[in-house]
Amino acid sequence: MNPTRGEDSVGNMPEFTVSELSFALKRTVEEAYGYVRVRGEIGRVSTPASGHIYLDLKDDKAVLNGVIWRGVAGRLKIAPEQGLEVICTGKLTTFPGQSRYQIVIERMEPAGVGALMALLEERRKKLAAEDLFDETRKKPLPYLPEVIGVVTSPSGAVIRDILHRLGDRFPRHVLIWPSLVQGDKAAEQIAQGIKGFNDLPEGGPVPRPAVVIVARGGGSIEDLWPFNEESVVRAVAMSTIPVISAVGHETDTTLIDYVSDRRAPTPSAAAEMAVPVRADLSAALLDLHARLTRAENRLMQEWSAHIESLGRGLPRLDDILALPAQRLDAVTEKLRGSLQHYVQVRSIELAEKARLSPRPLIMHLSRAAERLQELNERLKLAVGRDLSARRERLTARAQLLSSYSYTGVLERGFVLVEKAAGGLVRRAADTSPGLAVVLHFADGRRAAVIAGEGTGKPHKAGVSRRKSPKRPGSQGDLF
């Protein structure tokens, strides 16, 4: 090689600065390729505070840097995750600051259903590890909610199916939270709807739902993907209101189905889970009412028979008053004979005195008449006082008899203990652990079993002697 000629050739080449050469390469790459579609596996993913996303696309031989600007990142159908195989569409360019070429991604989609299923399974395992799908987190559905919230598209057939089914079974007040159920912003709006229902205050101007239904019709895995997003799953997990998921058809399964409190195969089935059938409920209420009426009648009959049996044990009022009445009749007859004798004696005396002078006789007769009138009044008063005294004694004895009745004792808070096999329990020595007893309260009976240590004394069957009542003023025997 001729050195002189080589030096002349180098001297004739144009000279570039680093910036000029970098930007010339940038223009060349952008003009030569423009928009491209690249398939690869997502490697490193970085999300700085600026909101842009930086990632690597790789295969088994090469790596391509990629960037997703903040405005585009919010419109992506799927969030970039490491290990996911995707197809990216964008513009090829260079980054002169680091002497590298990169793709500015404007669209990203999974590379086939298999990639989405792999991502779905990986995300399911991640959320399951946080116990978000644990059965202990499931909340029971209210039996008959007053208000039902529905998060779905207000213009689709789903909401019409739900309203129609609710109207057939048991019409309820329904609140609809409009939301997209497909597309880039669907997941965000669904999560906001669930959170919005939970944020409604109790007793506020807008009634708070007692149950929330999240629903949409069937579709491909891409169409149902918003219901696999973490934001939606976590919104359901944090909901204090029970949530029913009704996404897709019976064979479709999304992550919201694992975290929701109940999964319905269809939106119509979700409405059936939310409310009972009013006709069935009315029939059940009628049956319960009939059973309650029969139980009340049977109870009244039992109490009537019980009261009649207690009444047969009490003495009749006629028997109590017979002896005092007989005594009163004897005293009355005796008093009447005494009065007649007195009148006869006084009449004889007056007749003798009348022979002497009529004036003393008239005066004597007048005084006798007054005396007789006075005695008659005293007799009436005496008879009245005697009857009153006897009535008071009878009332006191009736009250004493009522206080000695064990039903009155039960009303004061005592309990009558009876062995289940028969016979009353009067003392602790009559019991042993495991003995079945029946406790009689004033308002009913309850079965029980004696627990704890017994007295060790053998239990003797038979009827204990009834103790005689203690003197007045002291506590009587309960039995």
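Key figures for this structure:
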quantity: Scan of segment 139-162 for residues that are in a helix (DSSP H, G or I) and either surrounded by 18 or more Cβ atoms within 10 Å (Cβ to Cβ) or of a type in the set (D, E, K, R) (or both), ordered by number; calculated: VAL158, ILE159, ARG160, ASP161, ILE162
quantity: Of residues in segment 385-410 being over 23 Å from GLY444 (Cα atoms) and of a type in the set (Gly, Ala, Ser), the one modelled with the lowest pLDDT; calculated: ALA398
quantity: Condition broken by ARG294, with the remaining ones in (1) within 30 Å of THR253 (Cα to Cα); (2) loosely packed, with under 11 Cβ neighbours inside 10 Å satisfied; calculated: (1)
quantity: Residue within segment 123-143 that is within 28 Å of ALA186 (Cβ to Cβ), in contact with a Gly (Cβ under 8 Å, 6 or more places away or on another chain) and of a type outside the set (Ser, Thr, Tyr) present; calculated: no
quantity: Residue check for LEU57: in contact with a strand residue (DSSP E or B) (Cβ under 8 Å, 6 or more places away or on another chain), over 19 Å from GLU222 (Cβ atoms) and either crowded, with 17+ Cβ neighbours inside 10 Å or outside the structural domain of LEU25 (by TED's automatic domain parsing) (or both); calculated: yes
quantity: SER220 modelled with pLDDT of 90 or more and among the hydroxyl-bearing types (Ser, Thr, Tyr); calculated: no
quantity: Any hit, segment 187-209, residues being touching a residue at least 40 places away in the same chain (Cβ under 8 Å), over 20 Å from the mean Cα position of the chain (by Cα) and outside any helix (DSSP H, G or I); calculated: no
quantity: Search result, residues across segment 163-181 that are more than 20 Å from ALA274 (Cα to Cα) and either surrounded by fewer than 19 Cβ atoms within 10 Å (Cβ to Cβ) or in contact with a Lys or Arg (Cβ under 7 Å, 6 or more places away or on another chain) (or both); calculated: LEU180, VAL181
quantity: Condition check for GLY34: without any contact (Cβ under 8 Å) to a residue 40 or more places away in the chain and over 27 Å from ILE256 (Cβ atoms); calculated: no
quantity: Matching entry among ARG263, ARG336 (being touching an Asp or Glu at 6+ places or on another chain (Cβ under 8 Å) and not aromatic (Phe, Trp, Tyr)); calculated: ARG263
quantity: Conditions (1) part of a loop (DSSP other than H, G, I, E, B); (2) surrounded by fewer than 18 Cβ atoms within 10 Å (Cβ to Cβ); (3) in contact with a helix residue (DSSP H, G or I) (Cβ under 8 Å, 6 or more places away or on another chain): number failed by SER231; calculated: (1)
quantity: ALA330 vs. criteria closer than 23 Å to SER402 by Cβ and either assigned by TED's automatic domain parsing to the domain that holds ARG393 or among the polar types (S, T, N, Q) (or both); calculated: no
quantity: Answer from PRO265, PRO276 - the residue that is under 21 Å from the mean Cα position of the chain (by Cα) and not in a helix (DSSP H, G or I); calculated: PRO276
quantity: Evaluation of ASP280 against (1) modelled with pLDDT of 90 or more; (2) surrounded by fewer than 14 Cβ atoms within 10 Å (Cβ to Cβ); (3) closer than 26 Å to ARG165 by Cα (one fails), failing number; calculated: (1)
quantity: Residue pairs meeting the criteria (Cβ under 7 Å; at least 6 apart or on separate chains; first assigned by TED's automatic domain parsing to the domain that holds THR47, in segment 80-101; second in a loop (DSSP other than H, G, I, E, B)); calculated: GLU85/ALA111; VAL86/ALA111; ILE87/ALA111; LYS91/GLY34
quantity: Any hit, segment 380-400, residues being charged (D, E, K, R), surrounded by 13 or more Cβ atoms within 10 Å (Cβ to Cβ) and assigned by TED's automatic domain parsing to the domain that holds LEU339; calculated: yes
quantity: Only listed residue being of a type outside the set (D, E, K, R) and under 30 Å from ARG445 (Cβ atoms), chosen from LEU372, LEU321, LEU328, LEU288; calculated: LEU288
quantity: Number of the condition not met by GLY311 [criteria: (1) farther than 21 Å from GLU377 by Cβ; (2) over 60 Å from the mean Cα position of the chain (by Cα)]; calculated: (2)
quantity: In segment 249-260, the residues that are surrounded by 19 or more Cβ atoms within 10 Å (Cβ to Cβ) and touching a residue at least 40 places away in the same chain (Cβ under 8 Å); calculated: LEU255, ILE256, VAL259, SER260
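The values are calculated or read from the model by the stated rules, or taken from the named source; none is laboratory data. Just so it is clear, the model here is predicted, and its values are computed rather than measured. No Cβ is skipped: glycine too gets one built from the backbone with ideal geometry, and neighbour counts run over all protein chains shown.
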